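Heads up, the thing below is written out as structure tokens.
The values are calculated or read from the model by the stated rules, or taken from the named source; none is laboratory data. Quick caveat, the model's predicted, so the values are computed rather than measured. Here the Cβ positions follow ideal geometry from the backbone for every residue, glycine too, while neighbour counts run over all protein chains shown. Each accessible area value is taken on the protein alone, full model and side chains, heavy atoms only, with ligands, DNA and RNA left out. Shrake-Rupley method; radii C 1.70, N 1.55, O 1.52, S 1.80 Å.
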Amino acid sequence: MSSLDVERIRGDFPALQRVVNGRPVVFLDSAASAQKPESVLRAMDDIYRGSYANVHRGVYQMAEEATAAFENGRAKVASFIGAPSRDELIFVRNATEAINLVAYSWGRANLRAGDVVVVSHMEHHANVVPWQMLAAERGIELRWLPVTDDFRLDLTNLEATLDGARLLAITAMSNVLGTINDIRPLADAAHAHDALVLVDACQYVPHLRTDVAAWDADFVAFSAHKMLGPSGIGALWARRELLEAMPPFLGGGEMIRDVRLDGFTTNDLPWKFEAGTPAIVEAVGWGAAIDYLEALGMDAVRDHEERLTRYALDALTDRFPQINIYGPQDVSVRGGAISFLFDDIHAHDISQVLDQHAVCVRAGHHCAKPLMRQLGVPATSRASFYIYNTEAEVDALVVALAEAETFFKV
Amino acid sequence: MSSNLEDLYREVILDHYRSPRNRGELEVPPATKTDGFNPLCGDEVTVYLQVDPETDTIVDIKIQGQGCSISQASTSMMSAAVKGQSVDEARKLIRAFKALMSIHEHKLEGESDGSDLASDLEGVRLGDLEALQGVVKFPVRIKCATLSWNTLAQGLDERG
């Protein structure tokens, strides 16, 4: 018995009514990007039709309405992750940009040759490449926390790895393995070494109740599009004193207090980091997405996904004894992204057959090539679940996989 | 199995996928070694080429790497098609294969009137390779089919 009324939820999502190749679509790729409910689409449409104007500019009524709606979106996002203040919530394009902002602004102001940044083998490229760029430019040292044979973070050498570190940049939930990392003890360990903590919470925030203060994190990056909101907007949350000390990222309108011939002064937080016209309508849509999730309750969301993930893990291993699943079996320490591989069938070929069944899964390296090399595989297929997925859809996945297996049998 | 899928996975493709030709390595030098990557899916291919400088002929070719059935089959067919051919013939074959995949170099999309396809394919016998034509209907898979051909082209170019 699910904790969510999934049939009613499904009715709220126009894209889930689609038919592909003559079959109702089975959307199992929410870890890449989630579908959007009517309420989000309507909130965005309403702004465009009735209250659209640039924000923080005009003194006329429509501009005031747009500004209020935009800042209301910010307040909802900040509150959703337990941010102490909405001023600490910077709108960016996506989680990748949030991490790049930290690397560019905080990193370039604070890191010197030989300084250590610690990341893990299970990071998305978004939390690897910005630090590698700094390594190439500044000569900082990157250290890696490995992954255990049961797909958890290997903390055996945590203390030695953190020794001398300035930053621990770590994911809260792996987009490949589904593994949830327990952030608070990691943050405590990092802080004991005077290192700051950046959390890539892109996969975590959509699925579990998030409290950045309870994590004791310093920077948290996430995006709207994986949590029922629109693409094109994400956020960086950071502690106020860090943001105040950091130099600006992009220069331009909105981020200034004053500009003279001989220089500029920066605006207050959060606008100091928001140069140019922001994603106004997207912020409103994100707020509507949060309203939708909060009406369901994040505990119920988590409960539904835990049950469905358990059902899927059992269904896959019962039907396919030879399947390799890359991620923990214990659903209490993982999210609903299940990466898998058959010994003799490439992930692309699996996806192609699944597409004929209108089953949408991701195939490839999931922007995590260091992890894929550790796992010793070029690519996996990944099915991922959200509030609108059902046990019947897991069954459809199993049927489609059985056909792929027959077709490609060597 | 739907007819759509059977267009893509023709029997000859599955045969090359299950029994790939010319797998292995060559000693470098005298052979050359070129790596190709598909950043989209993580597939990798390594092409070893031995060209006789006297006759400008590809006397041996070996392939390593991993990939999906389309990329493996295309690689296997490529190796069989160019082995024993002159470098010029191999280049012609590369152009013809890319034309088959609807890729026309130096042309903007939508500009082609089909005459380039005809000229690129003129006088070239694709044989088994024509089985890969079904890939065109699945645009994301075209990169799988062309990976080893691009790697071969790079190998021939780097050889100087």
For helix A:61-80, what angle does its Cα long axis make with the longest principal axis of chain A, in degrees from 0 to 90 and rounded to 10?
60
In Å and whole numbers, how far do the C-alpha atoms of chain A stretch along each principal axis, longest first?
72, 56, 33
What average number of partner chain Cβ atoms lie no more than 10 Å from the Cβ of the residues making up B:32-43?
4
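Magnitude of the Cβ-charge dipole of the range A:1-99, K/R +1 and D/E -1, about the Cα centre, nearest 20 debye?
Here the range A:1-99 has a charge dipole of around 260 debye.
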Pairs beyond 26 Å (Cα-Cα), from B:Lys33/B:Lys92; B:Lys92/B:Lys137; A:Lys36/B:Lys137; A:Lys36/A:Lys369; B:Lys62/B:Lys143; B:Lys92/B:Lys143
A:Lys36/B:Lys137; A:Lys36/A:Lys369
May I ask for the angle, rounded to the nearest 10°, between helix A:347-356 and the longest principal axis of chain A, with both axes built from Cα atoms and the value confined to 0 to 90°?
80
Here, A:Ala295 and A:Asp330, labelled 7 Å along Cα→Cβ, have an inter-label distance in nm of 3.7
With just the Cα atoms defining each centre, how far is the range A:389-405 from the range B:12-48? Give it in Å.
33
Quick one: in the range A:192-316, what % of C-alpha pairs are over 22 Å apart?
52
Using alpha carbons only, how many degrees (0 to 90, rounded to 10) separate the axis of helix A:280-296 from the longest principal axis of chain A?
50
Qualifying aspartates and glutamates (Cα of each under 18 Å from Cα of B:Lys98; at least 8 residues distant if same chain)
B:Asp88, B:Glu89, B:Glu109, B:Glu111, B:Asp113, B:Asp116, B:Asp120, B:Glu122, B:Asp128, B:Glu130, B:Asp157
Taking every residue in B:62-73, how many Cβ atoms of other protein chains lie within 10 Å of its Cβ, on average?
3
Value of [θ]222 nm, deg cm²/dmol, for chain A, DSSP H segments ≥ 4, -39500 (n - 2.57) each, nearest 500
-11500 deg cm²/dmol
A:His124, A:His366, ranked by accessible area, largest first (probe 1.4 Å):
A:His124, A:His366
How much FRET efficiency would the formula 1/(1 + (r/R0)^6) give for A:Arg23 and A:Lys409, where r is the Cβ-Cβ distance and R0 is 25 Å, rounded to 0.05?
0.60
Rounded to whole Å, give me the distance from the Cα center of the range A:197-275 to that of the range A:287-332.
29
